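Below: one structure in structure tokens.
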């Protein structure tokens, strides 16, 4: 599928991924969800060399993710702020069998944690594998239809269920 | 009324076993004794047999400061060895897991079989004058026993057998774990900035249910406190076998349990756990099992390994639901476990500098509700093995 047929440029896909990351950095979860389709799915996976298997650490429909995010203020969690540093977004046609009008965007990320005292440490690295719904040719309403977070980092310290 | 320094230093409890001095978490001498007298002499849950399904599958781990590996031999038996070459001590197996019909040291190509025998030495003639013979160069084998699918190891060749050590501590899991083959589907490891006991206490302290919003909403009101029964088995092992959860109380968990068969001998709303001295725990929530193992790295650093288990060979649609049930509470992205990690590290901050002097484990509710009996049983066994009093741990007492 060409960019023209998909209705979105590589630059526009990269901007979508970047804007979604900025929303997450700001914990603007409503803003993040605005960049996602109504049937958005979010999944976190990682390879276990100990089990020699892929593992799923979180899998959420949009409604499940909304419930999770709504409950965040009630949960204890790491204090401070997260900042997502993105690598270039590489855009490919979606694999055979995927929904018409979608692209696959792959973006490396590193997330830094800054604690309330201002000390910053690298927390986690991995890749976003985003399926982007591109809409009609020429449309400008591209949205994240699915996000698979593939973690390289498996020791997450005290962990977190804030989306990566 | 606030207390002055003298008041703050005074144990805030009238019963002898109701408080624990903060130095149990921080003192280097206490920690050294724990490595040798506790971890070096007790059975440790190493892994699950499903992690070694084929002949020659191996699994590496550390225990009491020693690198070890379990391997399933050509005869199907799981054995454990120190992961060090007999020649120069080089680590033999570097991957966390794998398959090795022959174990070959990278350094000088010494070779071992799955029973630990040394089977090959390049140019052995060079050792003849010194009387060094291949037959005497096998690996150091570590005692290994299986119980309900779990592989336990013990560095102490003189320790009592596993059955004697465990007693009935896993009795409440006989049906759940022993009816059908199970499989590990989740494994995570986290290095926590706290003493190992600070983590393990989160598995022994029922009173901290109030900290977790998921437990406030699903567990605290699911049954009368006086109907809970805590189980103290001896040797520091304990647990509880009849807690309930009302999952509909937490948004996002509604309907949990009816969508996949519960494990044998348990219902979808049942919650039980056994904590095994010194630092393992097995928990089940109706449809899924969690297993914790703890490896001290230093007095202030702890490796926590967590496993999730489901039914071996179950349909993918069941597995995905079981994984979801696991992840709702547990794992590094669960709603429950990260809060426990947070608590363990936050307590460590205050004990580290001596600001906090004591922790209270004095709750008595006739072994129901949120009694601290499990914590007291742990520290009684800890005292017996270390020869130190939890109230005055810097001075050893006669054992």
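What follows draws every value from the coordinates through simple rules; no lab data is involved. All of these numbers come straight from a predicted model, not from anything done at the bench. All Cβ positions, even for glycine, are placed from backbone atoms using ideal geometry, and neighbour counts span all protein chains on display.
In percent, what relative contact order does chain B have, based on Cα pairs under 8 Å that are 6 or more apart in sequence?
Working: 791 pairs, mean separation 84.9, N = 399.
It rounds to 21 percent for chain B.
Return the Rg/Rh ratio of the stretch A:67-122 with Cα-based radii and a Kirkwood Rh. Don't skip to the answer; put the middle values down first.
Working: Rg = 17.2 Å, Rh = 14.6 Å.
Rounded to two decimals, Rg/Rh equals 1.18.
Give the value in nm², to one decimal: projected area of the alpha carbon convex hull of chain B, averaged over all directions. Walk me through the numbers on the way to the answer.
Numbers: hull surface 89.2 nm².
With the hull built on Cα positions only, its mean projection is 22.3 nm².
With contacts defined as alpha carbon pairs under 8 Å and 6 or more residues apart, what's the relative contact order of the stretch A:3-151 in percent?
Details: 288 pairs, mean separation 44.0, N = 149.
Computed value for the stretch A:3-151: 30 percent relative contact order.
Under a plain spin-label model, where a point goes 7 Å from the Cα along Cα-to-Cβ, how far apart in nm are residue A:114 and residue B:164?
Taking the simple label geometry, residue A:114 and residue B:164 are separated by 6.0 nm.
In whole angstrom, note down how far apart the Cα centers of the stretch B:287-339 and the stretch A:102-154 are.
25
With viscosity set to 0.890 mPa s and temperature to 25 °C, compute the Stokes-Einstein D of the stretch B:278-399, Rh being the Kirkwood radius across alpha carbon pairs; µm²/s, no decimals.
Working: Rh = 17.3 Å.
D = 141 µm²/s.
Report the calculated FRET efficiency for residue B:180 and residue B:248 (r = Cβ-Cβ distance, R0 = 22 Å), to the nearest 0.05.
Numbers: r = 28 Å, r/R0 = 1.28.
E(calc), rounded to 0.05, equals 0.20.
Where the Cα atoms of the stretch A:1-88 are projected onto their three principal axes, how long is each span, largest first, in whole Å?
Principal extents (Cα only, largest first): 45, 36, 26 Å.
Turning to a different aspect of this structure: Report Rg(Cα)/(2.2 N^0.38 Å) for the stretch B:47-162, keeping two decimals.
Numbers: Rg = 14.5 Å, N = 116, 2.2 N^0.38 = 13.4 Å.
Here the Cα radius of gyration is 1.08 times the empirical estimate.
Can you give me the angle between helix B:337-352 and the longest principal axis of chain B, using Cα atoms only, in degrees from 0 to 90, rounded to the nearest 10?
On a 0 to 90 degree scale, this one is about 90.
With Rg and the Kirkwood Rh both taken from Cα atoms, where does Rg over Rh land for the protein assembly as shown? Mind dumping the intermediate values first?
Details: Rg = 25.8 Å, Rh = 25.8 Å.
Reported Rg/Rh, Kirkwood definition of Rh: 1.00.
If you take the Cα atoms of the stretch A:3-151, find Rg, then find the Kirkwood Rh from the mean of 1/r over all pairs, what is Rg/Rh? Each step should come with its number before you reach the end.
Details: Rg = 16.0 Å, Rh = 16.3 Å.
In the stretch A:3-151, Rg relative to Rh is 0.98.
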